[in-house]
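The values are calculated or read from the model by the stated rules, or taken from the named source; none is laboratory data. Every value quoted in this text rests on a predicted model; they were computed, and no experiment measured them. Cβ placement follows ideal geometry from the backbone for every residue including glycine, while neighbour counts extend to all protein chains displayed.
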Amino acid sequence: MASVAPLAAIAAQSGTAPDTRRGMRGAKRYRLNAFRYLIFCVFGLFFLVPLLAMARFSVEGTRPGQFSLSAWTQIPSYPGLLSAIEITLELALLTCAVILLLVVPTLIWIQLRVRWISRAVEFLCLLPLTIPAIVLVVGLAPIYNYIRHYNLSALQLFWVYGILALPYSSRALAAGLGAVDLKTLSEAARSLGASWLTVIWRIVVPNMWQALLNAMLLTTALVLGEFTVAVTLLYTNLQTALYYISRDTNNAGVLFSTSTGALVFAFMLLMILSYVGRRRRRRRG
Amino acid sequence: MSASGARPVGAGRRIPLAWAGVIPFLGYLGVFLLLPTGIVLWGAIRAQHGPGLTLSGLKLLVSPTVRFYFVNSIELSGITAVMGALLGAILAYAIATGNPDGLIRRVYIAGSGVLAQFGGVTLAFAFLATVGPAGILMHASWYFDYPQGIGLIYLYFQIPLMVVVFLPAIDGLKIQWREATANLGGSTWQYWRHVGVPLLRPAFFGATLLLFANALSAFATIQAWDNQIAYVVPQQINTSIISEVGLASPNEPQILALGMIILVAVVMTGYALLQRRTARWLR
């Protein structure tokens, strides 16, 4: 009987209409909500204001308080900037090609035929997360000295970018591969006479296109923001071009317009990504 | 999968060559991931004069000039990791206690995912426009001071990262545990003191370590923030590779890089251990 008394007391305490979701009473819930909205406002401002300030700077006129689009219109004519944007977009394409043509087939092949190696490969794929880019670049310097004997183009950076993108893309791909019943599908296809190439290209890939899209978006976002390797190896991509401009002319309007543009582009990519990811999860659940 | 199960008739007895399909990929990783790492390690322990190996390079790690960068790196990473973890945990709690399908939660989760990866040169420009010498919000005199100026900028990606890493742990707190505490006569304070905090502690410390490693390897933001003075290890690595003048030792980049590898390895091991403890109750 003694153990029932506290229960009864709580039942009496909790009133007529308890908010069941978090097991809290009205007044408490109200206080919590006030606290929550305060937190959301403060953090929201902290995250939004710098972005808005940058956007505002990009339309700053010659005199303070004036609006002007000159910072945007001079992007194409600013020395070196357009070629840097072009190089960066081409690098993103090349890196995506590495992922699509080398990493994707290999990961599928491992799941289909060489399962015993999958743990080791998974470890290798995540390794770049624990080796900072600035450390990797120390060891890459002699390798790139060698590459520069043959080709001087900044496009050669795609070799490293493929490695840097590996942890993110391989995890996205692994999630996609895990959702496909590879064994049944491949056995069915093989018993109908399909070659392994057909199995990969026409059976497995169409079943994981969302994972492929995820991997591509993550890779593109990474390449668009990459700075460390490019600046240390003295190549020019978008981020290093902006860095050099800022070093030479501190408050060039073109900095803010290009940054805002690049940022909006990257935001769009990652928002698409989160949307795609959510839809997949919902369908599975 | 059995090796003989799916083999078509007529294929005969072939030497198993399935593993050969992995060779191009492993070769790529070998040249651009393992070889550079090997070059770093080899360069750090190779004797500078004459053949053989030496550990004298490691002595350089504790010499005053090099120690300066490591102390700064640890200080900046430590401050921003702890502050980012505390603020991020508060934000994560505010998100977790709301409507699980609500708009605020979705916006903050998507936004955190984006902002956690938003480092780099553009972030420094955004803060330059906000609180820099000609900033819109204020002209902060401490903007170029170390570590408060750069620390504020680092929080911009540390807090969202904390939300991303820590929110699953808070979501894993079951409502039943709170009810059980209440049934046993416990107050809110006792619930947090004896149930909530002890459960979240390993996840919290693990996330803090991850934030620490994240700040440790960050380079672009601090380089764009102040390109005149090298404060942290990544900046000095960059300087020592590009300039090769006035170095403590010809293999200074390799030795600094080795120091980074050791530091990150220690931190990430701690993270993995704490992660395993968290996984015990977090499903």
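Which residue pairs have Cβ atoms under 8 Å apart, sit 6 or more places apart or on different chains, and have a first residue in the range B:181-192 that is closer than 15 Å to A:K28 by Cβ and within 11 Å of chain A (Cβ to nearest Cβ) and a second that is among the small types (G, A, S) and surrounded by 15 or more Cβ atoms within 10 Å (Cβ to Cβ)?
Every condition considered, the pairs that remain are B:A182/A:G23; B:Y191/B:A182.
In this structure, is B:L86 more than 10 Å from chain A (Cβ to nearest Cβ), surrounded by fewer than 21 Cβ atoms within 10 Å (Cβ to Cβ) and assigned to a helix (DSSP H, G or I)?
Considered against the rule, which asks whether it is more than 10 Å from chain A (Cβ to nearest Cβ), surrounded by fewer than 21 Cβ atoms within 10 Å (Cβ to Cβ) and assigned to a helix (DSSP H, G or I), B:L86 comes out as yes.
Out of all the residues in the range B:274-281, is one or more more than 10 Å from chain A (Cβ to nearest Cβ), over 26 Å from B:S77 (Cβ atoms) and not acidic (D, E)?
Yes: the range B:274-281 contains one or more residues that are more than 10 Å from chain A (Cβ to nearest Cβ), over 26 Å from B:S77 (Cβ atoms) and not acidic (D, E).
Scan the range B:107-156 residue by residue and report those that are more than 7 Å from chain A (Cβ to nearest Cβ), touching a residue at least 60 places away in the same chain (Cβ under 8 Å), of a type in the set (F, W, Y) and crowded, with 19+ Cβ neighbours inside 10 Å.
Once the filter is applied, which keeps residues that are more than 7 Å from chain A (Cβ to nearest Cβ), touching a residue at least 60 places away in the same chain (Cβ under 8 Å), of a type in the set (F, W, Y) and crowded, with 19+ Cβ neighbours inside 10 Å, the range B:107-156 yields only B:Y154.
Quick test of your reading of the structure: A:L127 fulfils all but one of (1) surrounded by fewer than 21 Cβ atoms within 10 Å (Cβ to Cβ); (2) within 28 Å of B:V163 (Cβ to Cβ); (3) more than 13 Å from chain B (Cβ to nearest Cβ). Name the failing condition by number.
Checking A:L127 against (1) surrounded by fewer than 21 Cβ atoms within 10 Å (Cβ to Cβ); (2) within 28 Å of B:V163 (Cβ to Cβ); (3) more than 13 Å from chain B (Cβ to nearest Cβ), the one that fails is (3).
State which residue is farthest from the other protein chains (Cβ to nearest Cβ) when the search covers only the range A:97-116 and only residues that are at pLDDT 90 or above and more than 24 Å from A:T220 (Cβ to Cβ).
Only one residue fits best here, namely A:I110.
Given A:A165, A:A141, A:A172, A:A92, which one is within 26 Å of B:A218 (Cα to Cα) and within 8 Å of chain B (Cβ to nearest Cβ)?
A:A141
Which one of A:T249, A:T198, A:T184, A:T228 is among the hydroxyl-bearing types (S, T, Y) and surrounded by 17 or more Cβ atoms within 10 Å (Cβ to Cβ)?
Being among the hydroxyl-bearing types (S, T, Y) and surrounded by 17 or more Cβ atoms within 10 Å (Cβ to Cβ) holds for just one of A:T249, A:T198, A:T184, A:T228, which is A:T228.
Quick check: anything in the range A:139-155 among the hydroxyl-bearing types (S, T, Y), buried (at least 19 other Cβ atoms within 10 Å of the Cβ) and closer than 27 Å to A:N207 by Cβ?
Scanning the range A:139-155, I find no residue that is among the hydroxyl-bearing types (S, T, Y), buried (at least 19 other Cβ atoms within 10 Å of the Cβ) and closer than 27 Å to A:N207 by Cβ, so the answer is no.
Quick check: anything in the range A:52-60 more than 7 Å from chain B (Cβ to nearest Cβ), more than 25 Å from the chain's Cα centre (by Cα) and at pLDDT 90 or above?
no
On the given criteria, is B:P160 out of contact with any strand residue (DSSP E or B) (no Cβ under 6 Å at 6 or more places or on another chain) and in contact (Cβ under 8 Å) with a residue 24 or more places away in the chain?
In short, yes.
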